Amino acid sequence: MKKLYQPVTAAVLNELVALVGAENLSTSETDRGQRAFDVSSHAPHLSEVVVWPQTAAQIAAVLKYANEQLIPVTAWGAGTSVEGNPIPLFGGILLSTEKMPHTIQIHADDLQVTVEAGKKYKDLNQELEPLGLFFPPDPGGDATIGGMLANNAAGPKAVKYGACKDNVLRCQVALADGRLIQVGSRSIKQSSGYDLLHLFVGSEGTLGVITEATLKLLPLPKFASAVVASFDSVDAAVQAVVKIKSSGLDPAALEFIDAQTIDLINQVGGLSLDQNHTLFMEFHATHEATLQLGLEKVKGICTDLGAQTFTATTDPAERKQLWFGRHHAYDYAQQWYADKKLLTLDAAIPISHYPEIVTQIEQGLVKHQVSGHMLGHAGDGNMHVLLPYDDSNYDRAVAFHRELIERALELGGTATGEHGVGIGKIGYMRQEHGPALDVMRSIKETLDPNYILNPGKIFP
Ligand SMILES: Cc1cc2nc3c(=O)[nH]c(=O)nc-3n(C[C@H](O)[C@H](O)[C@H](O)COP(=O)(O)OP(=O)(O)OC[C@H]3O[C@@H](n4cnc5c(N)ncnc54)[C@H](O)[C@@H]3O)c2cc1C
């Protein structure tokens with residue numbers, strides 16, 4: 001990796017002002033400080049300058065200039081990553097898409113929308129609601145489409161609707177040398193040449209900067225239900241996950257939270273959820289009768305496995321209320337452990353191994369004498385464990401985390417189901433990908449030979 005990056009001097013700033021305008025650039029400590037960290041516990045790092053391009057052409061021009069000058073450029077959406085992904089480890093230019101939040105065109109008849117990279121997905125879904133449409137991926141943070149695509153984010157609804165990679169058709173991307181390219185097309189079927197679109201999805205801003213994207217949309221579900229079921233054993237809850245998945249019920253969300261985390265949610269959020277191991281579920285259907293039949297089947301599965309409570313509702317306000325605790329779990333954990341840092345497991349495995357990985361987590365927590373909160377997107381085999389740590393238990397928390405990831409890899413899974421590599425999972429890249437990591441490096445060196453794009457990420 002080239003390390004001879006050049007500093008952002010007064011001459012560089014003058015050139016950047018010429019490219020984006022003085023009002024779209026800042027060297028203030030406040031602006032740089034607000035974009036020096038994400039929501040993870042990874043140490044912050046300041047960029048030397050923040051730029052807010054307003055067009056794809058400006059992004060391309062900044063990259064071309066930075067590449068010529070050997071100045072690092074880290075793209076920034078909203079900084080809601082949980083693995084240090086947008087932290088500008090080598091300083092340089094922080095290229096924010098905050099001033100590119102526009103919807104370019106809604107193609108309602110095609111169930112598609114084209115947006116600028118800085119569009120927040122929550123704003124997009126508000127805009128689409130009156131049209132009866134939505135964009136399914138829903139990571140909990142207030143994230144941008146550019147950041148979501150770059151991380152291949154997912155969220156609770158991925159179990160039915162897939163991750164970002166499954167919901168994008170084309171992107172416009174600015175390359176390090178200043179070229180602006182189109183990858184993918186607006187056709188649902190695409191078999192023309194290499195699939196460059198999916199090369200950029202999940203590349204965490206290390207291969208190019210996404211300037212706009214055309215996304216797939218779906219009609220809003222006509223009928224939806226929320227279900228919360230609690231169990232007095234982890235095993236029963238997890239067996240229910242596997243049974244529901246294999247029953248053909250096709251949940252739109254299927255989340256598992258252990259009793260200890262429910263306790264935390266109750267205490268911080270002032271809620272009164274049954275303090276047991278709990279499944280949060282959502283089901284979507286086009287006919288009410290289908291939904292009701294499905295709910296009966298879910299209830300049967302949960303009851304057979306000894307569910308302590310089973311609450312289901314189709315009322316929109318009650319649905320929101322039922323899911324409130326799950327939606328705020330991460331924020332509550334951060335509040336509860338304000339004096340500690342959080343290490344987050346994001347391993348994902350084939351669903352049939354879910355009970356085994358949960359058992360391993362329980363045993364590992366005891367073995368390494370660490371406490372951890374399990375909250376998983378169980379329906380798609382993705383498990384999060386939040387591990388609060390400080391100097392006193394750091395080594396033990398890391399040992400637990402490593403052991404679990406290694407087991408997930410042995411089971412045919414991945415170190416990171418949806419958060420991306422960032423800083424936190426970089427140490428597992430060789431183990432997970434073997435020689436394929438060298439192929440990734442060749443691709444990196446073709447597209448970004450000077451390693452100016454988000455340096456310090458993906459490659460150990
Ligand atoms: C409370 C909470 C809950 C969360 N739950 C989930 C969850 O369930 N599932 C999930 O997947 N994630 C979850 N996340 C994580 C987070 O929301 C996602 O990782 C999201 O994709 C980050 O988007 P962002 O716009 O904040 O991007 P940033 O964090 O700003 O950047 C993300 C990465 O993309 C790069 N990047 C940003 N914009 C571009 C661009 N235009 N072109 C190229 N690269 C770019 C950055 O350099 C960085 O590497 C959660 C976060 C929070 C705070």
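The values are calculated or read from the model by the stated rules, or taken from the named source; none is laboratory data. Keep in mind that what you see is a predicted model, and the values were worked out from it rather than measured. Quick reminder, even Gly has a Cβ in these numbers, built from the backbone with ideal geometry, and neighbours come from all protein chains shown.
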- Options T97, T80, T74, T144: the member that is within 8 Å of the ligand (Cβ to nearest atom), surrounded by fewer than 22 Cβ atoms within 10 Å (Cβ to Cβ) and under 21 Å from T206 (Cβ atoms): T80
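Condition check: at positive phi and touching a residue at least 24 places away in the same chain (Cβ under 8 Å). Does G140 satisfy that?
No; evaluated as a whole, the condition is false for this residue.
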- Message: Among the listed residues N167, N151, identify the single one that is under 19 Å from P86 (Cα atoms) and among the polar types (S, T, N, Q).
- Response: N151
- Item | Number of the exception - P101 against (1) within 23 Å of F459 (Cβ to Cβ); (2) in contact with a helix residue (DSSP H, G or I) (Cβ under 8 Å, 6 or more places away or on another chain); (3) assigned to a loop (DSSP other than H, G, I, E, B) | (1)
- Specify which of the listed residues (E15, E48) is touching a Phe, Trp or Tyr at 6+ places or on another chain (Cβ under 9 Å), at pLDDT 95 or above and not assigned by TED's automatic domain parsing to the domain that holds P388. E15
- Residues (among the hydrophobic types (A, V, I, L, M, F, W, C) and either surrounded by fewer than 21 Cβ atoms within 10 Å (Cβ to Cβ) or modelled with pLDDT under 95 (or both)) located in the range 51-71: A56, A57, A61, L70
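Give the residue that is farthest from the chain's Cα centre (by Cα), with candidates limited to residues of the range 159-181 that are in a helix (DSSP H, G or I) and more than 8 Å from the ligand (Cβ to nearest atom).
K160
Just give me the residues in the range 279-319 being within 30 Å of S371 (Cβ to Cβ) and either within 28 Å of the chain's Cα centre (by Cα) or in a loop (DSSP other than H, G, I, E, B) (or both), in sequence order.
Going through the range 279-319, the residues within 30 Å of S371 (Cβ to Cβ) turn out to be 279-282, 302, 305-311.
Selection gives L279, F280, M281, E282, L305, G306, A307, Q308.
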- Can you name the residue in the range 121-141 that is farther than 13 Å from K216 by Cβ and away from the ligand (no atom under 13 Å from the Cβ) and, of all such residues, is surrounded by the fewest Cβ atoms within 10 Å (Cβ to Cβ)? P130
- Query: Can you name the residue in the range 329-357 that is of a type in the set (V, I, T) and assigned to a helix (DSSP H, G or I) and, of all such residues, is farthest from A415 (Cα to Cα)?
  - Reply: I351
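Within the range 402-417, identify whether any single residue is of a type in the set (G, A, S) and at pLDDT below 95, and answer yes or no.
No.
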- Message: Which residue is farthest from the ligand (Cβ to nearest atom), if the candidates are limited to the range 440-460 and must be under 24 Å from the mean Cα position of the chain (by Cα) and without any contact (Cβ under 8 Å) to a residue 24 or more places away in the chain?
- Response: R441
- How about the range 358-447: which helices (runs of 4 or more DSSP H) wholly inside it have at least 3 residues that are outside the structural domain of D258 (by TED's automatic domain parsing) and crowded, with 20+ Cβ neighbours inside 10 Å? 394-410
